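All remarks here apply to the structure that follows.
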Ligand code: SF4
Ligand code: SF4
Ligand code: SF4
């Protein structure tokens with residue numbers, strides 16, 4: 001495996017050298033190169049990776065994490081991958097992260113681009129707190145939502161019962177049957193992608209996205225009224241102005257205006 005990785009790295013360096021020669025040929029190729037360097041919003045990084053913006057400044061593209069991975073999960077971006085060149089990433093549908101308990105890819109990083117502290121609990125490496133991304137479910141194409149029995153993603157999850165659970169639903173269409181559908185829990189999902197790999201649909205109906213892409217943000221203007229500790233966020237609240245005619249109305253007016261349709 002090590003020989004394969006080294007040959008991959010040699011190929012990568014050769015390709016880079018060729019790429020460098022080609023860039024001298026013109027602005028078109030140079031702009032493609034710049035795109036690859038910056039097009040990273042959908043990239044999935046190894047466990048322990050620091051914030052993407054800082055990661056790009058800190059990773060020296062040495063490939064040590066790639067070499068340390070026993071499953072060949074990690075790849076170094078090469079020209080044409082449309083990822084920042086030379087940086088490590090993974091594609092869960094091809095090879096997910098198998099969540100090694102000793103996380104060999106992290107301690108080898110010489111620069112802190114993969115931060116050991118972020119995957120450590122009580123002085124021990126803890127892959128269960130890794131945050132590589134978040135699995136999201138396409139309820140339109142997930143066959144469990146059609147009523148077909150499938151729990152492939154649920155069974156594939158290394159933190160089954162916490163990161164992913166199944167929910168009981170009554171089949172309103174037939175009125176007779178019940179079915180179970182998967183639910184991902186953002187607070188426990190590591191983004192390992194084992195569920196994506198296991199999904200039985202032609203194109204995965206559960207897939208991992210970088211967390212900041214997968215999740216919205218309520219902001220500090222809205223609080224959970226039932227949660228006293230949540231009120232502290234109001235202190236820094238800033239008003240959000242919205243643009244549509246309807247959203248300029250007060251929430252209560254807006255609700256009342258729709259009530260006419262109900263009676
Ligand atoms: S935790 Fe294991 S499988 Fe996942 S990227 Fe690191 S070395 Fe590879
Ligand atoms: S070991 Fe660290 S510096 Fe080297 S390629 Fe991996 S993330 Fe980058
Ligand atoms: S990515 Fe999927 S398999 Fe991995 S922890 Fe999240 S729900 Fe479980």
Counting only residues in the range 124-141 that are farther than 24 Å from residue 41 by Cβ and crowded, with 18+ Cβ neighbours inside 10 Å, the one farthest from ligand 1 (Cβ to nearest atom) is identified as 125
Only unsatisfied item for residue 202, checking (1) surrounded by fewer than 12 Cβ atoms within 10 Å (Cβ to Cβ); (2) farther than 30 Å from residue 55 by Cα; (3) modelled with pLDDT under 85, is (3)
Residue 138 vs (1) touching a residue at least 40 places away in the same chain (Cβ under 8 Å); (2) away from ligand 3 (no atom under 16 Å from the Cβ); (3) in the same structural domain as residue 197 (by TED's automatic domain parsing): all pass except (2)
Exactly one of 153, 195 is at pLDDT 95 or above, touching a helix residue (DSSP H, G or I) at 6+ places or on another chain (Cβ under 6 Å), away from ligand 1 (no atom under 16 Å from the Cβ) and within 14 Å of residue 96 (Cβ to Cβ), and that residue is 153
Residues of the range 68-81 being over 16 Å from residue 133 (Cα atoms) and in contact with a helix residue (DSSP H, G or I) (Cβ under 6 Å, 6 or more places away or on another chain), in sequence order, are 76, 78, 79
Only one of (1) at pLDDT 95 or above; (2) away from ligand 2 (no atom under 11 Å from the Cβ) does not apply to residue 65, and that is (2)
Reported set for the range 83-104 where residues are farther than 21 Å from residue 204 by Cα and either surrounded by fewer than 18 Cβ atoms within 10 Å (Cβ to Cβ) or away from ligand 1 (no atom under 11 Å from the Cβ) (or both) is 83, 84, 85, 86, 87, 100, 101, 102, 104
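The values are calculated or read from the model by the stated rules, or taken from the named source; none is laboratory data. Only a predicted model underlies this, so the values are computations on that prediction, with no experimental measurement involved. Methodologically, a virtual Cβ is constructed for each residue, glycine included, from the backbone with ideal geometry; neighbour enumeration extends over all protein chains shown.
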